[in-house]
Amino acid sequence: MKTELLKANINQPDPQTIEKAASILRAGGLVGIPTETVYGLAANALDAQAVEKIFEAKGRPQDNPLIIHIADISWLPLYAAEVPETAYALAKAFWPGPLTMILQRADVIPGVVSAGLGTVAVRFPSHPVAQAIIRAAGVPLAAPSANRSGSPSPTTAAHVFHDLNGRIDMIVDGGECAVGVESTVVQLCGGIPSVLRPGGITPAQLRNVLGSVEIDPAVTHRLAPGVRVASPGMKYKHYAPKANVTILDGTLDRFADYVRKNAPAEGCVVLCFAGEEAKFDVPAVVYGSSDDDSSQAQGLFGALRRLDEMGATTAFARCPRKNGVGLAVYNRLLRAAAFQEISLE
Ligand code: TXA
Ligand code: MG
């Protein structure tokens, strides 16, 4: 299949490009679309056969459910069987934006979207191009991140092209993603609201609206074999470059010292913050500023892809802050590192 790559200006997307993407989606095809978090691989969420193609194109495990993307809060009760007051309160505060809510699934959403679960994940993205495509398609779009399963999520159209060229109908290039990590996923059906995946909306922001909010243990810990996960996506090895990544938690000086003593003779790359590169005698890839979580979120996935391009076999990574948006960065880096973390304190 030939994959067409078309540009769309973020503030003024060409109506012809939007209509082309929408018509492919209505006809059951797959389109890579920009969102403010990461690029999504979209299909008509009401069309089970189209949704099945997503799993095939990505090589995604069948038991990992998808998020549906809507273009207005008024669509929420059409696709969620029950919408609690908490959902409307969060929608009012954070939509459109990088927040996904887990609610009871309405019958119009085919089971394959949710991998057979009785719930559905819903998000209203803020990216103007995403909104225009959803509106033009006139249906909710099921869209996981547009990467091959297991590799880092795509934050540019070039990343999508690299992973999925020849496997999908079209990619709409809407520029670099502003947030850079996937949306915050919050479970709202049953018990105290719980963060299943941290993202651009922080636990503190959610607590401001909801009062108490829990953080699922799988966010920062490897689950024991056999433990049932609330969010199936969290159990897979994720975001992984080919290099063996280790997070080193400690000061810059201790970090540099550890790298000096432990770097293998070849293939070692450091993942560090801006301005730190000169501290190392091995190549360094920067993923944001040490005092700015959001810049780290924006840079992380591109930096992980860069490791592959450089042929890195070993990588040592500076540790982000473990709260705020830093929690989302830490959560992704921890998975890229297959949970290998060393404390230097
Ligand atoms: O920012 C994002 O959320 C991006 C953009 C494209 O919108 N999408 C994204 O999708 O990250 P994906 O498929 O890569 O991640 C979806 C996550 C997975 O961890 C999945 O297990 C979880 O959401 N999820 C989806 N539906 C769920 C459900 N019904 N119950 C629990 N977890 C669910
Ligand atoms: Mg993903």
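The values are calculated or read from the model by the stated rules, or taken from the named source; none is laboratory data. A quick note: this is a predicted structure, and the numbers were derived from the prediction, not measured. Positions of Cβ are backbone-derived with ideal geometry, glycine not excepted, and every protein chain shown enters the neighbour counts. These accessible areas exclude ligands, DNA and RNA; they are computed on the full protein's heavy atoms, side chains included. Shrake-Rupley method; radii C 1.70, N 1.55, O 1.52, S 1.80 Å.
Assorted remarks:
- All positions within the stretch 263-273 that are in contact (Cβ under 8 Å) with a residue 40 or more places away in the chain and either of a type in the set (S, T, N, Q) or over 10 Å from Arg318 (Cβ atoms) (or both): Ala263, Pro264, Glu266, Gly267, Cys268, Val269
- One residue stands out in the stretch 158-175 among those that are surrounded by 24 or more Cβ atoms within 10 Å (Cβ to Cβ) and aliphatic (A, V, I, L, M): the one that is farthest from Val129 (Cα to Cα), namely Ile168.
- Residue ranges of strands (runs of 3 or more DSSP E) in the stretch 22-83 with at least 3 members out of contact with any Ser or Thr (no Cβ under 7 Å at 6 or more places or on another chain) and not charged (D, E, K, R): 31-33, 40-44
- The set of residues in the stretch 18-39 that are away from ligand 2 (no atom under 16 Å from the Cβ), within 20 Å of Gly175 (Cβ to Cβ) and buried (at least 24 other Cβ atoms within 10 Å of the Cβ) comprises Ala21, Val31.
- Filtered by the rule that a residue be farther than 28 Å from Ala115 by Cβ and open to solvent by less than 30 Å² (accessible area, probe 1.4 Å), the stretch 225-244 gives a lone residue, Ala243.
- Among (1) touching a Phe, Trp or Tyr at 6+ places or on another chain (Cβ under 6 Å); (2) polar (S, T, N, Q); (3) open to solvent by 30 Å² or more (accessible area, probe 1.4 Å), the one test that Thr155 misses: (3)
- Residue check, Ile18 on the phi < 0 side of the Ramachandran plot, assigned to a helix (DSSP H, G or I) and near ligand 1 (Cβ under 10 Å from one of its atoms): no
- The stretch 114-140 - residue that is within 15 Å of ligand 2 (Cβ to nearest atom) and of a type in the set (A, V, I, L, M, F, W, C) and, of those, least open to solvent (accessible area, probe 1.4 Å): Ala121
- The single residue among Arg207, Arg254, Arg197, Arg222 that is surrounded by fewer than 16 Cβ atoms within 10 Å (Cβ to Cβ) and within 17 Å of Arg332 (Cβ to Cβ) turns out to be Arg222.
- Matching residues, the stretch 174-198, being modelled with pLDDT of 95 or more and more than 16 Å from ligand 2 (Cβ to nearest atom): Gly174, Gly175, Glu176, Ala178, Val186, Gln187, Leu188, Ile192, Pro193, Ser194, Val195
- Test for Tyr330: is it open to solvent by 50 Å² or more (accessible area, probe 1.4 Å) and among the aromatic types (Phe, Trp, Tyr): no
- Of the residues making up the stretch 176-193, those that are more than 28 Å from Thr156 (Cβ to Cβ) and surrounded by fewer than 19 Cβ atoms within 10 Å (Cβ to Cβ) are Gly190, Gly191, Ile192.
- Filtered by the rule that a residue be among the β-branched types (Val, Ile, Thr) and more than 15 Å from ligand 1 (Cβ to nearest atom), the stretch 46-82 gives a lone residue, Ile73.
- Test for Ala230: is it within 20 Å of Asn323 (Cα to Cα), modelled with pLDDT under 95 and within 12 Å of ligand 1 (Cβ to nearest atom): no
- Leu248 vs. criteria open to solvent by less than 70 Å² (accessible area, probe 1.4 Å), away from ligand 1 (no atom under 13 Å from the Cβ) and outside any loop (DSSP other than H, G, I, E, B): yes
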